[in-house]
Amino acid sequence: MISREKARGLREAGLAWHPRPGDAFSMLGAEFADEVFTVSEMTIESHEFDTGTILGFNGTTEWALDSVAIEDALWMPREDQLRELLGGTFRSLRADGDGFVVSTGLVGRESEYRADAAADAYADALLALITAAVA
């Protein structure tokens, strides 16, 4: 999984998040900073009672957090999402010693990004792409 530091860097660079089921996120505040949550569709269970069948919508957790604004959440993109965001610039991912290298290519320019985790190497490559696009 991508590190919080890399996720925060992507957010600060302007990476927009449009939450989808399966997306992981953390809270920006200190209270839940160590927790990672997953966006998921509400589960519907069928409950049989003497009076009939009830469809129960289960979406609660053990703590009382009703909602959180997207501005207070930090998206933690997965490897596949980062690779998708790199689009046609992505060339390869390879293991290199104890880490990973992501290779990208822009017109006439090849670049490599090394990190201990594959997701962080993807994040570094995406951050470079966003920074180049904004500049």
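Read-outs: derived from the displayed coordinates by stated rules, not from any lab. If you're wondering where the values come from, they're calculated on a predicted model, not measured in any experiment. For neighbour counting, all protein chains shown are included, and Cβ atoms are generated from backbone atoms with ideal geometry for every residue, glycine included.
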Requested in this report: Within segment 74-117, work out how many residues are within 19 Å of the chain's Cα centre (by Cα), part of a loop (DSSP other than H, G, I, E, B) and at positive phi.
Outcome: 0
Query raised in the report: In segment 85-105, how many are surrounded by 13 or more Cβ atoms within 10 Å (Cβ to Cβ) and out of contact with any strand residue (DSSP E or B) (no Cβ under 8 Å at 6 or more places or on another chain)?
Result: 1
